[in-house]
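For reference, the structure is listed below as structure tokens.
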């Protein structure tokens, strides 16, 4: 029975094979669709760029205090315009992610067995959900606390008055860096579970590697987060928790994979007798 399944999967992939030129044409078509999706999202986000930017300033306002006026500056005539362009592109990728993920799946799916396609689809969704979760952690927790930390360095009532007057481009760069950094770090369970699905790692490997993983996570947080200890720790601690969650997820996937292999072995034995 197992041989029949393998033969059917092999025949399915053989039937989907195409010359290299056809693959390149297919890739070009998928890139065009993804680019069109990003372009539409860019137009929409640029039309509402000011509103989106004001929404992103909410953590700053929370840190400053409700009712306080937020004053931000730009020091070059074109600075705020290019800030809006950057913000529109950032938002466009968010909006177009379902299209991008669909095009990725349709490009790689012909080269996968049916069971591999069924296993691959949920990871596209979890990638997006975990990235959004990382962005929400930044928006609602990390950024307000980080801004309170930065604002606490203001100097008032002394011989020198020092106040924070943020530039629009630098504030956007800060929150985008945090969102991207957290979004990437929050992909850890997806990556580890995929490796477990492929049989490359196991839960015990992750447990044995835990101490080294904590060091690696801390180092990665230092690179991906802004250069202050608060942001680094705010990124490292949730990622360590995600690593522990990944151990549980990998153990679950490993158990299911071993059960399927055992069931397949039993079927082969029964068919042989």
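Bear in mind that the values in this text are calculations on the coordinates, not laboratory data. Since the model is a prediction, treat every value here as computed from it, not as a measurement. In this analysis, Cβ positions are derived from the backbone assuming ideal geometry, glycine residues included, and neighbour counts consider all displayed protein chains.
Could you line up 247, 73, 201 from fewest to most neighbouring Cβ atoms inside 10 Å?
Arranged by neighbour count, lowest to highest, 247, 73, 201 become 73, 201, 247.
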Calculated from DSSP helices alone, with each H run of at least 4 adding -39500 (n - 2.57) and the total divided by the residues of the chain, [θ]222 nm to the nearest 500 comes to -26500 deg cm²/dmol
In degrees from 0 to 90, rounded to the nearest 10, what is the angle of the helix 168-185 Cα long axis to the longest principal axis of the chain? 30
I want to check the label-to-label distance for residue 251 and residue 149. Put each point 7 Å from Cα in the C-beta direction and report it in nm to one decimal. 3.2
Could you list 50, 83, 156 in order of exposure, starting from the residue whose Cβ has the fewest other Cβ atoms within 10 Å? 156, 50, 83
Given a Förster distance of 41 angstrom, what is the FRET efficiency for residue 21 paired with residue 218, based on the Cβ-Cβ distance and rounded to 0.05? 0.30
What is the gain in length, in nm to one decimal, between residue 205 and residue 258 on full extension, counting 0.36 nm per residue of separation less the C-alpha to C-alpha distance? 17.5 nm
Expressed as an acute angle from 0 to 90° and rounded to the nearest 10, what is the orientation of the C-alpha long axis of helix 210-224 relative to the principal long axis of the chain? 50
Looks like the chain, by Cα gyration tensor root eigenvalues a ≥ b ≥ c and the a/c under 1.5 rounded cutoff (else prolate when a/b is bigger than b/c, oblate otherwise), is oblate
Once you keep just the Cα pairs under 8 angstrom separated by 6 or more residues, what percentage relative contact order results for the stretch 1-135? 41
Neighbour counts of other C-beta atoms within 10 Å: give me 108, 240, 190 arranged from fewest to most. 108, 240, 190
